[in-house]
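Have a look at the structure below before the remarks.
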Amino acid sequence: MPSIWPYLVLILLGCGWGLTLPLSVISVSTGLGHLGIIFWQFFIVMILFGLRQIFIKKAFSLTTSSLQIFCVIAFIGTIFPNSASLIAASYLPGGVLSILIATVPMFAFPIALILGLDKFEFARLLGIIFGFLGVYLLIAPKAALPDPSVIWVIPIALIAPMFYALEGNFVAKFGTGNNSPMGVVLGASIIGCAVTFPLTLLFDQFVNPFVEWNAAHYAIVFSSAIHGLVYATYVWLVTKVGSVFSAQVSYFVTFSGVLWSMVILDETHSKFIWISLTCMILGMALVKPKTQ
C-alpha cells in the first residue's frame, strides 16, 4: 500500500469529526435538551461498540479499577464537554464551535505540566498565546460573531475542549486499565446510559424516538454513528502509524468543521473568523508535542 494512505485516512477522520459539529447545531435547533441528546449518543455508541465486542469475542474487564476509568471517561469525556458544546450550539455558529474546539492542545499542555507529564518549552507557550489570541478575535471585534450579544456563551463553549484535554491527560497518566481504548469507550457508554437516562426523565429532556422524526432526530443518529465509527478508525490508525502523526487530525477537524458548517448551515464568516482560524492552526502547530 502506498505511503500516502495514512494521510488519506487522516483527512477522512477529520472530515467525519468535523461533520459532527454542524450536526450538533442541527440537533439542538428544535429545542431538544442536551441530556436527551447525550443519552442517545451514549446508547448508539454502546450498540455499535457492543456488537463489535461480541463479534471479536474479546474479554471485557469489569474490575474495580476498570469501572473507575469508565466513570471518569463517561463524565469528563462526554457528559460534561458535550453538555457544554450542545448548550453553546444553541447560540453559536458551527464554524465558531469548530474554531473553539481547536483549543484542546492549548488546554492540554498546561494540564500536562501540572500532572508532570510534559516539560515547559517557550515555543509551546507561544502556541497557547496564539490559540487564545484566536479566541480573543472571536469576541473582541463586533463583526466576528453574527450576534455580539452571545459573547457570554464563548466561555461555556471552551468548557468542552478543556475537558477533552483533561481526558487525554488522564488516559496518558493512568492508562485504560485492562481494556482496549474501544473497550473503555464501550464501558464509558454503558455507564453514561445508566447516568443520563434517569436525568433525562427527571429534567423532562428524554428524546422520544417513537414520534415523527425531524432534522434534529436524524442529526443525533448520524453524529453519534459517525463519532463511534471515526473513533474506532482513529484508534486503528494510532496502532499503525503512532499517536504523534494521528494527533494531526485536529487540523482537519477544525478546517472541515468550518467548511461543513458553510455547506450544511449556509454560514458566512467575517475576516476576523478567518484570522482567528489561522491563529488556532498556528497555535496547534506550536503546541503539539515533538516527535520522539
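Couple of notes before you dig in:
- Of all residues in the stretch 135-176, those satisfying the criterion of being open to solvent by less than 50 Å² (accessible area, probe 1.4 Å), over 24 Å from residue 275 (Cβ atoms) and touching a Leu at 6+ places or on another chain (Cβ under 9 Å) are 169, 170.
- Each residue in the stretch 85-114 was checked for being open to solvent by 50 Å² or more (accessible area, probe 1.4 Å) and either over 30 Å from residue 41 (Cα atoms) or under 17 Å from the mean Cα position of the chain (by Cα) (or both), and 4 pass.
- In the stretch 250-267, residue farthest from residue 12 (Cα to Cα) [restricted to those that are in a loop (DSSP other than H, G, I, E, B) and touching a helix residue (DSSP H, G or I) at 6+ places or on another chain (Cβ under 6 Å)]: 267
- Number of the exception - residue 177 against (1) in contact with a helix residue (DSSP H, G or I) (Cβ under 6 Å, 6 or more places away or on another chain); (2) in a helix (DSSP H, G or I); (3) farther than 29 Å from residue 264 by Cα; (4) not acidic (Asp, Glu): (2)
- Every pair of residues 6+ apart whose Cβ atoms lie under 8 Å, when the first sits in the stretch 266-285 and is without any contact (Cβ under 8 Å) to a residue 12 or more places away in the chain while the second is open to solvent by 30 Å² or more (accessible area, probe 1.4 Å): 268/262
- Residues that are farther than 18 Å from residue 257 by Cβ and under 16 Å from the mean Cα position of the chain (by Cα) occur in the stretch 18-36; there is at least one.
- First in the stretch 233-256 and within 18 Å of residue 95 (Cβ to Cβ) and at pLDDT 75 or above, second anywhere and open to solvent by 30 Å² or more (accessible area, probe 1.4 Å) and hydrophobic (A, V, I, L, M, F, W, C), Cβ under 6 Å, 6 or more apart: 252/11; 253/17; 256/15
- Residue match in the stretch 201-214 (condition: part of a helix (DSSP H, G or I), surrounded by 18 or more Cβ atoms within 10 Å (Cβ to Cβ) and either in contact with a strand residue (DSSP E or B) (Cβ under 9 Å, 6 or more places away or on another chain) or at negative phi (or both)): no
- Test: residue in the stretch 31-49 that is closer than 30 Å to residue 206 by Cα, among the polar types (S, T, N, Q), crowded, with 19+ Cβ neighbours inside 10 Å and out of contact with any Lys or Arg (no Cβ under 7 Å at 6 or more places or on another chain): yes
- Selection from the stretch 16-26 of residues that are farther than 14 Å from residue 225 by Cα and either open to solvent by less than 30 Å² (accessible area, probe 1.4 Å) or not hydrophobic (A, V, I, L, M, F, W, C) (or both): 22, 25
- Contact annotation: residue pairs with Cβ atoms under 7 Å, 6 or more positions apart or on different chains, pairing a residue in the stretch 50-64 that is open to solvent by less than 90 Å² (accessible area, probe 1.4 Å) with a partner that is assigned to a loop (DSSP other than H, G, I, E, B) and at pLDDT 75 or above, are 60/179; 61/178; 61/179; 63/178.
- Of the set (1) closer than 20 Å to residue 42 by Cα; (2) within 19 Å of the chain's Cα centre (by Cα), all apply to residue 156 but (1).
- The listed residues are 195, 184, and the only one of them that is among the hydrophobic types (A, V, I, L, M, F, W, C) and either assigned to a loop (DSSP other than H, G, I, E, B) or surrounded by 22 or more Cβ atoms within 10 Å (Cβ to Cβ) (or both) turns out to be 184.
- Residues that are on the phi > 0 side of the Ramachandran plot and not charged (D, E, K, R) within the stretch 13-65 comprise just one, 31.
The values are calculated or read from the model by the stated rules, or taken from the named source; none is laboratory data. No experiment lies behind these values; they were computed from the predicted model shown. Ideal geometry is used to build each Cβ from the backbone, glycine not excepted, and the neighbour counts take in all protein chains shown. What goes into the accessible areas is simple: the full protein's heavy atoms, side chains included, and nothing from ligands, DNA or RNA. Shrake-Rupley method; radii C 1.70, N 1.55, O 1.52, S 1.80 Å.
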